[in-house]
1. Given the conditions (1) open to solvent by less than 30 Å² (accessible area, probe 1.4 Å); (2) among the aliphatic types (A, V, I, L, M); (3) under 16 Å from the mean Cα position of the chain (by Cα), and given that Leu20 satisfies all but one, which numbered condition is not satisfied?
2. So Ala60 fits all but one of (1) small (Gly, Ala, Ser); (2) out of contact with any Pro (no Cβ under 7 Å at 6 or more places or on another chain); (3) surrounded by 21 or more Cβ atoms within 10 Å (Cβ to Cβ); (4) farther than 22 Å from Val200 by Cβ; what number is the exception?
3. For the subset of segment 101-118 comprising residues that are under 17 Å from the mean Cα position of the chain (by Cα) and farther than 16 Å from Arg43 by Cβ, which member is surrounded by the fewest Cβ atoms within 10 Å (Cβ to Cβ)?
4. Just to verify a result, which residue in segment 23-56, among those that are touching a Phe, Trp or Tyr at 6+ places or on another chain (Cβ under 9 Å) and among the hydroxyl-bearing types (Ser, Thr, Tyr), is most open to solvent (accessible area, probe 1.4 Å)?
5. One residue is enough: does segment 75-87 have a residue meeting the conditions surrounded by fewer than 18 Cβ atoms within 10 Å (Cβ to Cβ), touching a strand residue (DSSP E or B) at 6+ places or on another chain (Cβ under 9 Å) and aromatic (Phe, Trp, Tyr)?
6. Test each condition in (1) in contact with a strand residue (DSSP E or B) (Cβ under 7 Å, 6 or more places away or on another chain); (2) modelled with pLDDT of 95 or more; (3) not acidic (Asp, Glu) for Ser158 and report the one that comes out false.
7. Out of the strands (runs of 3 or more DSSP E) lying entirely within segment 8-121, which hold 3 or more residues that are farther than 13 Å from Ser161 by Cα?
Amino acid sequence: MIAAPDRTPLPREFFDRPVLEVAPDLLGRTLVRSTPDGPIHLRLTEVEAYDGPKDPGSHAYRGRTARNAVMFGPPGHAYVYFTYGMWHCMNLVCGPDGTASAVLLRAGEITEGAGLTRTRRRSARNDKELAKGPARLATALDIDRALDGTDVCAEPSSPLSILTGTPTPDDQVRNGPRTGVSGEGGVHPWRFWIANDPTVSPYRAHKPRRRST
């Protein structure tokens, strides 16, 4: 018999660690999005680590801006950004205050509230595709810049929280290069996922965007 996932909220101390410790430890944890229509629960199956000013792939590599300010704050907060003029993506800030490291939530399995996500993800062919990729995850859970800076450790009052869930055994965790990261930052094997999980997104190497002529 499979034990039910632990619904204890993760404490702030969980996030107050180096990003390369937090990222794989998030696999199997439960992200809860509270909405007026009810909660949505997502089991995290794929994440990527970004190590602040030391990491060329990080939004914080060139310093603090209005866009990335949340990354420089205390751990246990959501950093939500808008990309390509159409998509939102969600990260979880970790490490000591001021380090600007964060974990991008790339994919997961909707375990509760799937019906609430299908209206926002009509193109999904099945429930395994509802949150298969960071933009799809944010769309399915109705996450946008209004949630930037949300304290995920303030459950139950927070619209976003992280529960203990069912941590993934080390022998089921895989890692490799981050998706779509170019240059020096593309060599880091800081993408982590649960082996053989059908909700994990496919790896795509960086491709330079062509300039229009």
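The values are calculated or read from the model by the stated rules, or taken from the named source; none is laboratory data. As the structure is a computational prediction, the values presented were derived from the model and not from experiment. Methodologically, a virtual Cβ is constructed for each residue, glycine included, from the backbone with ideal geometry; neighbour enumeration extends over all protein chains shown. Please note that ligands, DNA and RNA were not included when accessible areas were found on the heavy atoms of the full protein model with its side chains. Shrake-Rupley method; radii C 1.70, N 1.55, O 1.52, S 1.80 Å.
1. For Leu20, the failing item is (1).
2. Failed condition: (2).
3. Leu104
4. Tyr50
5. Of segment 75-87, the ones surrounded by fewer than 18 Cβ atoms within 10 Å (Cβ to Cβ) are 82-87.
From what's left, touching a strand residue (DSSP E or B) at 6+ places or on another chain (Cβ under 9 Å): 82-83.
Subsequent filtering for residues that are aromatic (Phe, Trp, Tyr) retains 82.
Yes.
6. (2)
7. Numbers: elements: 30-35, 38-51, 78-83, 87-94, 101-112.
So the answer is 38-51, 78-83, 87-94, 101-112.
For every residue, the table says whether it meets (1) without any contact (Cβ under 8 Å) to a residue 24 or more places away in the chain; (2) of a type in the set (Ser, Thr, Tyr).
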site	(1), (2)
Gly108	no, no
Leu116	no, no
Arg120	yes, no
Asp127	yes, no
Lys132	no, no
Asp144	no, no
Asp151	no, no
Ser157	yes, yes
Thr179	no, yes
